[in-house]
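Let me begin by presenting the structure, written as structure tokens, before commenting on it.
The values are calculated or read from the model by the stated rules, or taken from the named source; none is laboratory data. Treat the numbers as computed from the prediction; the structure is a model and nothing was measured. Virtual Cβ from ideal backbone geometry, glycine too; neighbours counted across all protein chains shown. Please note that ligands, DNA and RNA were not included when accessible areas were found on the heavy atoms of the full protein model with its side chains. Shrake-Rupley method; radii C 1.70, N 1.55, O 1.52, S 1.80 Å.
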Amino acid sequence: MLTRRALGTIAGSAILPRVSLAQADNRPTVTVAVQTIATTNTLNLLREQSNVGERTSSLVNERLIDLDWFDGIKQVPGLATAWRRIDDTTVEFTLREGVKFHNGDRLSVEDVAFAFSATQMFGDSKPEAGVTLPMSAQYLIGVGSKALPPEIPPVARRSFPALRGVEIVDSRTVRFVNATPDVTLEGRISATGSEITSRRGFDEAASWLDYARKPIGTGPYRVREFRPDDILILDAHDEYWGGRPPIKTLRIKAVPEVSSRINGLLSGDYQFACDIPPDQIASVERNAGFEVVGGPILNNRITDFDKTNAVLADPRVRLAFAHAIDRAAIIEALWAGRTVVPPGNQFDYYGPMLIADWRVPEFDPAKSRALLKQAGYKGDAIPYRLLNNYYTNQVATSQILVEMWKQVGLNVEIEMKENWTQIRDRSKPRGVRDWSSGAAFGDPTGGFVTTFGPNGSAQAAGEWRNAEFDQLCIQIQTSVDRDLRKRIYRRLLEIAEREDPAYTVLHQNGSFTAKRKDIRWRSAPSFVMDFRASNWGAGIRA
Amino acid sequence: MLRFLALRLARAAFTIVLVVTFAFVVLRMSGDPALIIMSPEAPVEAIEAFRHAWGLDQPIWVQYLSYFSAIFHGELGQSFRDGRPAIELVAERIPATLILTIPALLLKVGVGIPAGIHAALHRNSTTDRLVMAGAVAGFTIPSFVLGLLLVLLFSVQLGWLPSGGQESWRSMILPVITLGFGGAGVLARFTRSAMLEVLGQPYIRTASAKGVPWRMVVRGHALPNAAIPTVTIIGFMVGSLIAGAVVVESVFSWPGVGRLLVVAVSNRDLAVVQCILLLVATTMVTSNLIVDLLYGVLDPRLRAGAGAH
């Protein structure tokens with residue numbers, strides 16, 4: 001796994017700090033306007049389970065396995081230079097030499113073991129038993145205490161359901177040992193929540209929350225100041241192993257209004273404006289000096305079905321919904337053609353697990369009508385609980401969908417709701433709702449299975465369950481036979497998208513960032529913003 | 001006078017209790033903070049743990065009694081998101097808001113009242129029409145529209161002022177103008193109509209007929225009598241000093257109490273919302289109380305009336 005590029009980077013990092021001392025520091029200060037810095041006001045991704053959290057955390061914290069966002073989202077060496085399979089349950093990692101934390105400490109195997117310890121992740125939960133929780137909650141959310149907040153172990157266990165622990169082999173080598181066979185362990189270690197921060201940094205912090213707000217990571221930028229809901233100020237970590245960061249000070253500024261973000265960009269107050277709705281792209285690009293970059297990200301927008309609804313209990317009605325949607329028209333009308341319809345709820349970066357010939361149900365109103373006729377649908381009203389643009393273009397999409405469904409005879413009634421509690425409220429009949437589905441790592445178990453499987457949110461909400469699907473989910477999570485896993489995955493898609501639809505995919509979500517044209521910078525297919533030297537100005541490789 | 005004061009204090013306290021109770025009930029019935037703060041994707045066990053940790057699994061009346069008992073012990077609760085005392089979070093943001101709202105109030109008073117007086121004294125003149133056109137524009141243009149227009153002109157086109165944030169004193173200029181313009185318009189309009197009404201009173205004619213210089217008539221007789229409606233409006237403006245800039249703070253990304261309120265409401269950070277509402281209600285009620293007392297100072301008849309009851 002030690003590539004020539006990685007070797008070059010190591011060599012470069014060894015000499016860069018000395019060179020930089022001799023140079024005048026004329027690196028720029030860059031301000032990035034975002035809608036939200038972090039929903040929980042922390043940079044700990046076990047708490048901050050949001051897309052925006054990944055954006056900020058990735059500037060400060062790193063993982064053993066990194067992802068190359070610009071080359072097929074491949075797994076590449078991060079804080080580990082190499083890794084190998086010992087057996088079906090164990091992966092061994094060799095740590096990168098010369099990596100320094102923001103406090104000057106060198107990355108050690110103890111730091112890695114600590115990051116995946118009971119203290120930092122799992123509490124007293126057991127790998128084989130799945131989720132267990134501490135019953136006492138006197139420590140609340142990590143204030144005034146170093147104790148692990150109660151919500152962290154279940155979140156960590158979802159990422160690592162059967163991780164037994166990290167064994168230290170020698171001063172540069174660690175082994176991740178799973179309680180059950182798991183071919184996706186490397187993927188899990190490359191995903192959010194697997195960040196390595198300094199053990200000494202944690203020891204010296206006043207509380208869990210203080211450390212979650214000002215972690216000591218190894219990333220290209222270190223936290224100078226975090227004013228919740230206002231601004232996150234980062235300074236270049238000049239001893240960064242990947243080369244001297246190109247920006248001296250990076251300011252992540254919360255600007256909730258989209259028009260204010262755009263005006264700030266155009267007036268020169270900000271160099272980047274994130275979270276630009278597609279309908280604003282043209283207005284930004286009318287200014288010759290600016291452009292909007294970005295496109296589809298690792299997240300699919302879906303319409304979710306509640307099969308406990310009397311009408312939706314018949315899978316033919318749910319399939320009729322899926323066939324009535326002209327997805328291409330939605331993309332053209334609302335996304336300026338800048339996103340795509342994925343091949344079902346999967347992503348290209350599933351690699352060998354991608355079912356390449358799989359497709360979403362085709363737009364076929366006649367088929368929808370026929371299915372409804374077979375199901376004996378009499379035009380009963382089906383509720384559609386809706387949030388006000390939680391997702392980009394959500395309300396406009398829903399209005400188009402309702403009209404498309406109406407064309408085939410489906411009587412869908414929008415009910416505006418204010419929050420997720422109201423969306424999930426079981427006291428009144430539920431029908432369809434909006435949702436999204438991502439993938440934490442390049443395998444169906446990284447998203448699809450955890451969302452709709454036995455421990456997933458859909459089943460927890462009581463919307464959908466399928467006995468065969470549940471059984472197959474357990475098999476795909478523990479099987480090491482790659483061909484069998486792929487066959488299982490195909491069957492899972494058949495069940496969830498055709499035979500007993502749990503949802504139907506609309507399109508891939510998109511993320512758009514407006515920026516000055518003269519700044520050379522690439523947008524990742526994710527909320528992650530890469531401000532390393534390799535993605536800035538002349539540092540960008542062709 | 002004491003009875004007058006006691007009655008108003010009791011009414012003020014009752015109003016505050018009503019506001020706090022209403023906010024408590026509405027906030028708890030409109031969404032589960034656990035789902036909002038932890039995201040709907042969080043495992044059920046984590047959400048349950050969160051609810052238990054914050055007592056949200058208790059019946060609402062138990063939560064309500066605990067909350068009120070805590071208030072009487074000086075505890076306004078802890079933020080769900082920060083774990084810090086809500087009052088501490090709010091207190092941190094108050095200076096940032098007052099930095100905007102106090103100059104804006106001075107702008108409203110400093111521009112609105114003189115403009116209203118001038119318009120009234122020169123009724124139907126070109127100046128009067130200009131002042132009234134400005135006043136109508138001031139209170140009809142929504143602050144978010146005005147704010148964006150000012151940003152487009154002074155930040156995007158001219159590049160003179162920052163478009164938002166709290167970087168330097170220059171960052172204050174556009175939000176203060178945005179806040180002040182509408183209020184100045186309201187004050188100008190009320191002052192003008194109050195002045196016109198007073199200027200038509202017999203005692204003004206009498207004073208003029210007795211040869212009192214016009215300037216003295218205006219200063220000594222017209223202005224004090226026209227002050228009551230203006231003082232009432234200023235009272236409302238003072239009352240909204242703490243949370244009167246919610247929209248403007250959002251447009252200009254200004255980290256004040258208004259922004260905190262928006263974020264706290266959307267996250268159902270109940271203690272913070274309740275703390276802000278308690279402060280706003282207290283400020284508004286206190287301000288109204290002071291206005292009530294000022295009425296007595298400005299108009300001795302009201303004092304006498306209060307005593308007669």
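Whenever a residue of region A:405-428 is hydrophobic (A, V, I, L, M, F, W, C), its partners that are modelled with pLDDT under 85 and open to solvent by less than 40 Å² (accessible area, probe 1.4 Å), lying with C-beta atoms within less than 6 angstrom and at least six residues away or across chains, give the pairs A:420/B:35; A:420/B:40. Against the test of being open to solvent by 10 Å² or more (accessible area, probe 1.4 Å), within 16 Å of the chain's Cα centre (by Cα) and free of Cβ contacts under 8 Å to residues at least 12 places away in the same chain, the options A:87, A:68 yield a single qualifying residue, A:68.
With respect to the conditions (1) open to solvent by less than 30 Å² (accessible area, probe 1.4 Å); (2) hydroxyl-bearing (Ser, Thr, Tyr); (3) without any contact (Cβ under 8 Å) to a residue 60 or more places away in the chain, residue A:390 lacks only one, and its number is (1).
Residues checked against (1) at the interface with chain A (Cβ under 10 Å from one of its Cβ atoms); (2) modelled with pLDDT under 85; (3) surrounded by fewer than 21 Cβ atoms within 10 Å (Cβ to Cβ); (4) closer than 30 Å to residue A:270 by Cα:
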residue	(1), (2), (3), (4)
B:261	no, no, no, yes
B:264	yes, no, no, yes
B:274	no, no, no, no
B:279	no, no, yes, no
B:282	no, no, yes, no
B:285	no, no, yes, no
B:289	no, yes, yes, no
B:293	no, yes, yes, no
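Restricting attention to region A:438-485, the residues that are hydroxyl-bearing (Ser, Thr, Tyr) and closer than 17 Å to residue A:180 by Cβ total 4. On the stretch given as region A:210-243, residues that are within 12 Å of chain B (Cβ to nearest Cβ), touching a residue at least 40 places away in the same chain (Cβ under 8 Å) and farther than 15 Å from residue A:53 by Cα total 0.
Among the residues making up region B:243-255, those that are more than 10 Å from chain A (Cβ to nearest Cβ) and either over 12 Å from the mean Cα position of the chain (by Cα) or open to solvent by less than 20 Å² (accessible area, probe 1.4 Å) (or both) are B:245, B:248. Considering only residues in region B:66-83 that are in contact with a Phe, Trp or Tyr (Cβ under 9 Å, 6 or more places away or on another chain) and within 14 Å of chain A (Cβ to nearest Cβ), the one that is most open to solvent (accessible area, probe 1.4 Å) turns out to be B:78.
Checking the condition open to solvent by less than 50 Å² (accessible area, probe 1.4 Å), touching a residue at least 24 places away in the same chain (Cβ under 8 Å) and touching a strand residue (DSSP E or B) at 6+ places or on another chain (Cβ under 7 Å), which residue from B:86, B:120 passes? It is B:86. Going by the conditions given, is residue A:480 surrounded by fewer than 18 Cβ atoms within 10 Å (Cβ to Cβ), β-branched (Val, Ile, Thr) and in contact with an Asp or Glu (Cβ under 7 Å, 6 or more places away or on another chain)? Criteria met by residue A:480.
Here region A:244-285 is the region considered, the condition is being of a type in the set (S, T, N, Q), part of a helix (DSSP H, G or I) and at the interface with chain B (Cβ under 7 Å from one of its Cβ atoms), and the residue that is surrounded by the most Cβ atoms within 10 Å (Cβ to Cβ) is A:260. Would you confirm whether any residue within region A:440-453 is within 14 Å of chain B (Cβ to nearest Cβ), open to solvent by less than 10 Å² (accessible area, probe 1.4 Å) and in a loop (DSSP other than H, G, I, E, B)? Yes: one or more hits. For residue A:338, the criteria (1) at pLDDT 95 or above; (2) touching a Pro at 6+ places or on another chain (Cβ under 8 Å); (3) open to solvent by 30 Å² or more (accessible area, probe 1.4 Å) hold in every case but one, which is (1).
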